[in-house]
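Student: One structure coming up, written as structure tokens, with questions to follow.
The values are calculated or read from the model by the stated rules, or taken from the named source; none is laboratory data. Computed from a predicted model, the values in this text were never measured in an experiment. For neighbour counting, all protein chains shown are included, and Cβ atoms are generated from backbone atoms with ideal geometry for every residue, glycine included.
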Amino acid sequence: MLLKDSSLIAVRDVESLRRRVQAWRRDNLSIALVPTMGALHKGHITLMDRAKKMADRVIATIFVNPKQFGPREDFAAYPRQENADFELLNAAGVDLLFAPDVPAMYPQGFATSVHVSGVSDVLDGVARPGHFDGVATVVTKLLLQALPDIALFGEKDYQQLAVIRRFVADLNIPVDIIQVPTVRDPDGLAMSSRNAYLTPAERAIAPGIYAAISLAARQIAAGEDIAQTLAAAKTTLTQQGFGTIDYVDARHAETLQPLTSRDEPGRILAAVHLGRARLIDNVAIPK
Ligand code: PAF
């Protein structure tokens with residue numbers, strides 16, 4: 001257990017985490033879990049603030065999960081800033097930080113993978129094969145390690161939320177999943193640890209994603225043709241200087257299957273490359 005000069009306690013092993021949780025349970029305290037991969041920004045702090053309002057004790061986790069990165073993705077380069085994160089969590093009033101290393105999370109012989117069919121098989125499930133198995137496996141472990149009453153996740157990772165809701169229901173994990181709206185910079189760019197990869201020129205272009213999908217959502221709500229609207233959004237992004245577009249798509253907000261009617265709850269989701277960064281964002285299609 002690491003103890004620093006602060007009220008935040010940091011632990012790196014499951015036994016220390018469980019001891020602390022059991023003590024809180026004996027005192028009848030409710031517990032919120034906020035899983036993260038660190039490199040914390042205002043979006044994460046919004047999750048912590050919401051967690052504090054909803055539960056007596058808040059556990060944040062920091063674990064850059066190798067299982068959710070593909071072989072050509074940015075696992076090694078992913079920003080890591082544990083001391084700064086510790087200070088931010090302490091200032092946010094978080095009670096406990098669980099920051100295991102890879103062998104603590106996946107000990108020698110680890111052989112289990114959680115796969116969620118359907119919602120995992122589209123969009124990022126196609127663009128990043130295996131990504132959601134890695135997410136589902138680590139989040140299942142974190143939920144079972146901490147056994148919180150609630151766990152909070154940002155809406156920016158909309159498909160991740162759908163995957164988590166599905167396995168939590170399917171596996172009867174006794175936790176309420178709380179969806180927290182995306183936090184944006186004033187120009188609309190969704191906050192993300194990966195925004196750190198953007199050069200100043202790319203950062204100036206990046207808000208174009210939110211602008212394009214917001215416009216497309218309004219146009220589809222107004223009755224314009226879905227396929228044409230999405231094609232126009234992609235053309236705009238390309239003209240603005242974005243790189244490969246993995247998808248800009250209109251989906252059913254719960255199943256993430258292609259939207260077939262405007263009567264269904266709809267969501268526009270996008271994943272677009274810009275320099276070293278792969279940016280994702282999503283918005284609701286207004287009714
Ligand atoms: O959204 C994230 O930061 C990660 O996917 C999560 C949920 C912490 C699992 O590693």
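Student: Within the bounds of the stretch 90-100, is there any residue that is touching a residue at least 24 places away in the same chain (Cβ under 8 Å) and part of a helix (DSSP H, G or I)?
Tutor: There is at least one residue in the stretch 90-100 that is touching a residue at least 24 places away in the same chain (Cβ under 8 Å) and part of a helix (DSSP H, G or I).
Student: Next up: Just give me the residues in the stretch 47-76 being free of Cβ contacts under 8 Å to residues at least 12 places away in the same chain and not in a helix (DSSP H, G or I), in sequence order.
Tutor: P71, R72, F75, A76
Student: Would you confirm whether any residue within the stretch 96-103 is of a type outside the set (D, E, K, R), surrounded by 15 or more Cβ atoms within 10 Å (Cβ to Cβ) and more than 26 Å from V14 (Cβ to Cβ)?
Tutor: No, the stretch 96-103 contains no residue that is of a type outside the set (D, E, K, R), surrounded by 15 or more Cβ atoms within 10 Å (Cβ to Cβ) and more than 26 Å from V14 (Cβ to Cβ).
Student: Suppose we filter I280, I226, I220 for residues that are over 15 Å from P207 (Cα atoms), aliphatic (A, V, I, L, M) and in contact (Cβ under 8 Å) with a residue 40 or more places away in the chain; which single one remains? Before you say what the answer is, go through the steps one by one.
Tutor: On the way: I280 fails: over 15 Å from P207 (Cα atoms); I226 fails: in contact (Cβ under 8 Å) with a residue 40 or more places away in the chain.
Going through I280, I226, I220 in turn, just one is over 15 Å from P207 (Cα atoms), aliphatic (A, V, I, L, M) and in contact (Cβ under 8 Å) with a residue 40 or more places away in the chain: I220.
Student: Taking the stated definitions as given, is K42 among the basic types (K, R), within 21 Å of L147 (Cβ to Cβ), at pLDDT 95 or above and more than 14 Å from the ligand (Cβ to nearest atom)?
Tutor: Considered against the rule, which asks whether it is among the basic types (K, R), within 21 Å of L147 (Cβ to Cβ), at pLDDT 95 or above and more than 14 Å from the ligand (Cβ to nearest atom), K42 comes out as no.
Student: May I ask you to list the residues in the stretch 144-170 that are over 20 Å from T46 (Cβ atoms) and in a loop (DSSP other than H, G, I, E, B)?
Tutor: Hit for the stretch 144-170 is L147, nothing else.
Student: While we're looking at this one, here's another question. Can you find, within the stretch 121-143, the residue that is nearest to the ligand (Cβ to nearest atom) among those that are part of a loop (DSSP other than H, G, I, E, B) and touching a residue at least 12 places away in the same chain (Cβ under 8 Å)?
Tutor: Ranking the candidates gives R128 first.
Student: Residue under question is A32, and the condition is that it be in a strand (DSSP E or B), touching a residue at least 40 places away in the same chain (Cβ under 8 Å) and among the small types (G, A, S); does it hold? Let's see the steps before the verdict.
Tutor: Working: in a strand (DSSP E or B): yes; touching a residue at least 40 places away in the same chain (Cβ under 8 Å): yes; among the small types (G, A, S): yes.
In short, yes.
Student: While we're here: Report whether or not Q257 is of a type in the set (S, T, N, Q), in contact with a helix residue (DSSP H, G or I) (Cβ under 9 Å, 6 or more places away or on another chain) and modelled with pLDDT of 95 or more.
Tutor: no
Student: Residue check: is V116 surrounded by 20 or more Cβ atoms within 10 Å (Cβ to Cβ), among the hydrophobic types (A, V, I, L, M, F, W, C) and more than 27 Å from R25 (Cβ to Cβ)?
Tutor: Criteria met by V116.
Student: Can you say whether K53 is surrounded by fewer than 17 Cβ atoms within 10 Å (Cβ to Cβ), more than 15 Å from the ligand (Cβ to nearest atom) and closer than 21 Å to F153 by Cα, as far as the supplied structure shows?
Tutor: On the way: surrounded by fewer than 17 Cβ atoms within 10 Å (Cβ to Cβ): yes; more than 15 Å from the ligand (Cβ to nearest atom): yes; closer than 21 Å to F153 by Cα: yes.
So K53 passes the test.
Student: Then there is this: Quick one: how many residues across the stretch 144-167 are within 13 Å of the ligand (Cβ to nearest atom), without any contact (Cβ under 8 Å) to a residue 60 or more places away in the chain and out of contact with any strand residue (DSSP E or B) (no Cβ under 8 Å at 6 or more places or on another chain)?
Tutor: 2
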